[in-house]
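First comes the structure, then the notes that go with it.
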Amino acid sequence: MGAALARAAQWTAAGYGTGTLEITPLNEALLNQIIKFAEDFSTRHPQEAVVVFKEPLEWKTQLDSSAFGEGYEIDGETVKSEARDEDGQPLLLLTASNLRVRNFDQLSRLLQIAMEKKLKEAQACLEANRDPIVKILGPEYGTVEGEDKSMLHLLDKVKKVDDPETEKKMKIFILLHQLDMQLLNSSLKQISKDVRLSPAAVNNEVNLLKNFSGKGEDTVLESLEYTSDYTFSNGCRAPPWRQVHGEICYLIIKPHDTDPLCITCSTAGVFLNGGELKSKGDIDYERKSDIYKDIVTFLRERSPRFVENMAKQEYTFFKEPTYEKNYQHVEAVDAKVSGQSQNHYDHTEKNIHEKVKSSVAKSKSIEKKKLEPSVKWKNTGLSAARRRVEAIQLRELKKQPRQSNGRNIHPKPKVSSKSEEVSESSSETEEDEEQPVRHQEGNTDLPSEYWGIQKLAKYLKGGNPTATVIALCSMRDFNLAQETCQLAIRDIGCLEVLINLLDTEEIKCQIGSLKILKEISQNTLIRHAIADLGGLEIMVKILDSPDKELKCLAAETIANVARFKRARRTVRLHGGIKRLVGLLACTSVRSTGLTPSQAKDTEIARCGALALWSCSKSTKNKEAIRKAGGIPLLAEWLKSSHKSILTPVAGTLQECASEPSYRLAIRTEGMIEHLVKNLNTEHEELQMHCASAIFKCAEDKETRDLVRLHGGLLPLSTLLGNSENKQLLAAVTGAIWKCAISGENVSKFHDYKVVEVLVGLLTDQPEEVLVNIVGALGECCQEPRHRAIIRKCGGIPPLVKLLTGTNQALLVNVTKAVGACATEPENMMIIDRLDGVRLLWSLLKNPNPDVQASAAWAICPCIENAKDAGEMVRSFVGGLELIVNLLKSKNKEVLASVCAAITNIAKDKENLAVITDHGVVPLLSKLANTNDDKLRRHLAEAISHCCMWGSNRVTFGESKAVAPLVRYLKSNDPLVHRATAQALYQLSEDPSNCITMHENGVVKLLLTMVGSTDETLQEAAAGCIANIRRLALATEKAKYG
């Protein structure tokens, strides 16, 4: 850990003192790994955790005494741990803001107490203890440069002294050494990816964005301004005391569609800060967002309008020199050039003259048809790319004879974006072209491949068909998977020519063009460019071609291009979905030995399935595939033994399975059997798509039964062993979760020991996997034996720990699982000890109604099975008021769950008195006019228990809750009858309520229920009738004497 902090962590260059850890993604990753190590240390290594440090770790903490609870002695601002060392000294001591920790057990507990502040605490601890190993084990184990002999020293000591304490120290040292190596390795990977910003790079990007900002619909931003006009000598505008944190400057950005954004540009990247403090004329420097690599990437995440307008600027994101200026520049240079270079230059100049007069290069014709560029060039702004390349050509020629200008041309920086949108970040003026917009380590010339493709361009643009085919073949010799080659084809203007060649009648030219487009369309920028140039429309038409190779290539290229929404829409609107479905119509599905013709048909179907897979990410396209008859064809191909086509077919099905119509079709067309069969293949991607399809389809009981009947539960259980492939694991755990909704499947999973495996996977998993694992455990927990298994396998602590997360789907599932576990008293003891009930209660404040409802349901068994439930509930400050206020929710599931919780809370008289004071009676009464049987049942139970305090019975009557309750007896749900009868029995203790019940015809309804087989219902109905009868007799007696 010492070496990692010294070498890998990023510290501020403080002028005095020790400096602080910069707020960077690398440091955050290192801190999170250290926190996880320390937090889990006491559970993984309990013997070593109690070893007392040589010196305490000491730092200034943000925690106060109120954060500590059981296990600590609290005296004002002083906190001492009950755990002591041999000398009777506390192992944790907090005085004012000074904290001293003396072993890993206390350190683990402290991090759990700190909760959301644990990152700050870890940072403060490490800043104050730069080499913590010295404090933990002693100075002889300190981090040193050069040869490290600490391990040898420890081995010698172990040989000389046979002491258990020394062995524990050796193990601690080895564990810390392993952590050190792990931190160094992960930081090395992170550093190799990082490109740190500099003031120059930020300034270039700001100036570039300013050129495209201002008033008007097509500008990318309204304005972009620095908060300070003063620039320091190092190029930074941030004040010196913020520069030590790596901060460069601050910007106020006004997008067209959001509020103004105040951002910080630092060496680690760009992030949103707290904005300007109007009262102080300063900035809230606290980071409020993730860190992005540059301003453009940040704005893409924040402003849809910015993304849209950037796409419009795709090919004009440069200051374009006019033709006249370029032309004059050519003449000026021409006058200075002589000899052989002069002649060569004249030839180039002549070509440019011709291009100025006409944007379409003339070529020889074949059968009266010209192979010439499309006029779409003029309309898309792509002429800018051609003019840019011509300028580059002239400068390259100018450099050859004289090398006088001394400037280098920079390659376009690699652009990557999550949102599949296009971004270019350079300018077209000669001056700006020489400067990289992104931060680069040095000036480099464009690679030779760029110029090689440029030389081929003239043959591609202006040659006859033979020359064009040769040029296409030559172009394919380049490594088209390399981004330089891909962008060279676009920049030099070849992309338009390639698309234009698709619209000719020359099959060889079409095939050659599609082979190149298929390769380069892996690039995001190229995909958007192809769509902008109308390439998709032409490729859709090619799907009708009789040439099989041409159809294959067109479909594969469509599959690559249709990875963003606009492209998928274009394919649908031009009839592409119907044509692609038509490619699946083939008779060679089940054949094993294929003729060459059948093999070609299978290949066509594979390419069609690939394209449908890409297109199926759109809801409207899913419907179009169904209407075009795609479902039976996909079902037929799913029976195939050809692995190459099975993957795109299964991929398409799992995408479409999100629609109810597809789920029904998958079940009725017999596809479940073949999805299960393909779970046994060795192809992980195919397994993933099949498991994902089952995951989505298993919402329906019939499908869950089919999965079991076709033997799908065993391969799903087996695939849990492949925990390295997280995408496969997410799909498999999702399928197990949904299948576990059926009790018969849970019994099978018990035989396969699935619960034990799932508990083992509760740590070190991404959230999408955890959601499914916890969901599956929640379903399995409905059986008592599985609740015991989870406890014995140590599953309850990690489940409780997950209650502190923020993922809403995960919180819904984990609350259900914890609630199910709490039905066992032994489990409840563990949950209570881990403060799980308090965490569940705090989730009632979550804004998501699904989380609120799930938490309230989980609280019910916790109260039922706690040793002193009343005292536990009262210990939550403001908890009772919080749960009563949830009765104002509009969500029926929240209301039902809260009523169930109130039923359990009201069993304790003191708590019933408190919730009565908080107005529970009128709030319950307002809910009485509901038709939802689930809410009716739990509402009636809550009313029944709340009647047992003070004048609550009378208040319910005055709040008009009695008459609606009588109507509940007309429900078809026997559980509603029982709860309602119990409530009416309690309410009938008040004479006014008896009158109301009688007026609403309760006696006739209750009489039929007196004969019920449910004894509780019998007694309640009879008791209510008896109370009404006694009131009637008393009235008659009073009346007649």
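The values are calculated or read from the model by the stated rules, or taken from the named source; none is laboratory data. As the structure is a computational prediction, the values presented were derived from the model and not from experiment. Note: ideal-geometry Cβ built from the backbone for every residue, glycine included; neighbour counts use all protein chains shown.
Give the residues of segment 234-255 that are at pLDDT 90 or above, crowded, with 17+ Cβ neighbours inside 10 Å and part of a loop (DSSP other than H, G, I, E, B), sorted by residue number.
CYS236, ARG237, ALA238, PRO255
Quick check, is ARG833 within 26 Å of HIS938 (Cβ to Cβ) and free of Cβ contacts under 8 Å to residues at least 60 places away in the same chain?
So ARG833 does not fit the description; no.
Across segment 943-976, what is the number of residues that are charged (D, E, K, R), at negative phi and outside any helix (DSSP H, G or I)?
2
Please tell me if ALA979 is modelled with pLDDT of 95 or more, within 23 Å of SER951 (Cα to Cα) and part of a helix (DSSP H, G or I).
When the stated conditions are applied, ALA979 passes them.
Could we say that GLY721 is at positive phi and of a type in the set (Gly, Ala, Ser) here?
The answer is no for GLY721.
Just for segment 997-1038: of the residues that are within 14 Å of ALA983 (Cβ to Cβ) and of a type in the set (Val, Ile, Thr), which one is surrounded by the most Cβ atoms within 10 Å (Cβ to Cβ)?
The selected residue is VAL1002.
Picking from GLU756, GLU702, which residue would you name as being over 18 Å from TYR662 (Cα atoms), charged (D, E, K, R) and more than 24 Å from the chain's Cα centre (by Cα)?
GLU756
Would you mention how many residues in segment 690-740 are in a helix (DSSP H, G or I) and touching a residue at least 40 places away in the same chain (Cβ under 8 Å)?
Counting residues in segment 690-740 that are in a helix (DSSP H, G or I) and touching a residue at least 40 places away in the same chain (Cβ under 8 Å) gives 27.
Pull up segment 1-49, narrow it to residues that are of a type in the set (Gly, Ala, Ser) and at pLDDT 70 or above, then point me to the one that is farthest from ILE136 (Cα to Cα).
Among those that are of a type in the set (Gly, Ala, Ser) and at pLDDT 70 or above, it is ALA29.
Taking SER1012 as the residue in question, decide whether it is of a type outside the set (A, V, I, L, M), assigned to a loop (DSSP other than H, G, I, E, B) and under 21 Å from ASN931 (Cα atoms).
For SER1012, the condition - of a type outside the set (A, V, I, L, M), assigned to a loop (DSSP other than H, G, I, E, B) and under 21 Å from ASN931 (Cα atoms) - is not met.
Per-residue answers, yes or no, for (1) in contact with a Lys or Arg (Cβ under 9 Å, 6 or more places away or on another chain); (2) crowded, with 24+ Cβ neighbours inside 10 Å; (3) not in a loop (DSSP other than H, G, I, E, B):
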residue: VAL769; (1), (2), (3): yes, no, yes
residue: VAL774; (1), (2), (3): yes, yes, yes
residue: GLN782; (1), (2), (3): no, no, no
residue: ALA788; (1), (2), (3): no, no, yes
residue: GLY794; (1), (2), (3): no, no, no
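Restricting to segment 481-492, count the residues that are surrounded by fewer than 24 Cβ atoms within 10 Å (Cβ to Cβ) and assigned to a loop (DSSP other than H, G, I, E, B).
Here the count works out to 2.
Please specify each residue of segment 861-886 satisfying the condition of being touching a Gly at 6+ places or on another chain (Cβ under 7 Å) and either closer than 22 Å to VAL921 by Cα or surrounded by fewer than 19 Cβ atoms within 10 Å (Cβ to Cβ) (or both).
Scanning segment 861-886 gives VAL873, VAL884.
Can you tell me which residue in segment 165-186 is modelled with the highest pLDDT, limited to those that are farther than 18 Å from ALA38 by Cβ and touching a helix residue (DSSP H, G or I) at 6+ places or on another chain (Cβ under 7 Å)?
MET170
Could you say which residue among VAL877, VAL954 is closer than 23 Å to LEU969 by Cβ, out of contact with any Leu (no Cβ under 7 Å at 6 or more places or on another chain) and of a type in the set (Val, Ile, Thr)?
VAL954
Those residues that are in a loop (DSSP other than H, G, I, E, B), touching a helix residue (DSSP H, G or I) at 6+ places or on another chain (Cβ under 8 Å) and of a type outside the set (D, E, K, R), I need them from segment 637-662; list them, please.
Scanning segment 637-662 gives LEU638, SER640, HIS642, ALA657, SER658.
Per-residue answers, yes or no, for (1) touching a Gly at 6+ places or on another chain (Cβ under 6 Å); (2) in contact (Cβ under 8 Å) with a residue 40 or more places away in the chain; (3) not polar (S, T, N, Q):
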residue	(1), (2), (3)
SER81	no, no, no
PRO90	no, no, yes
ASN98	no, yes, no
PHE104	no, yes, yes
SER108	no, yes, no
GLN112	no, yes, no
MET115	no, yes, yes
GLN123	no, yes, no
LEU137	no, yes, yes
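Name every residue in segment 285-300 that is over 15 Å from LEU209 (Cα atoms) and without any contact (Cβ under 8 Å) to a residue 40 or more places away in the chain, in order of residue number.
Selection gives GLU286, LYS288, SER289, ASP290, TYR292.
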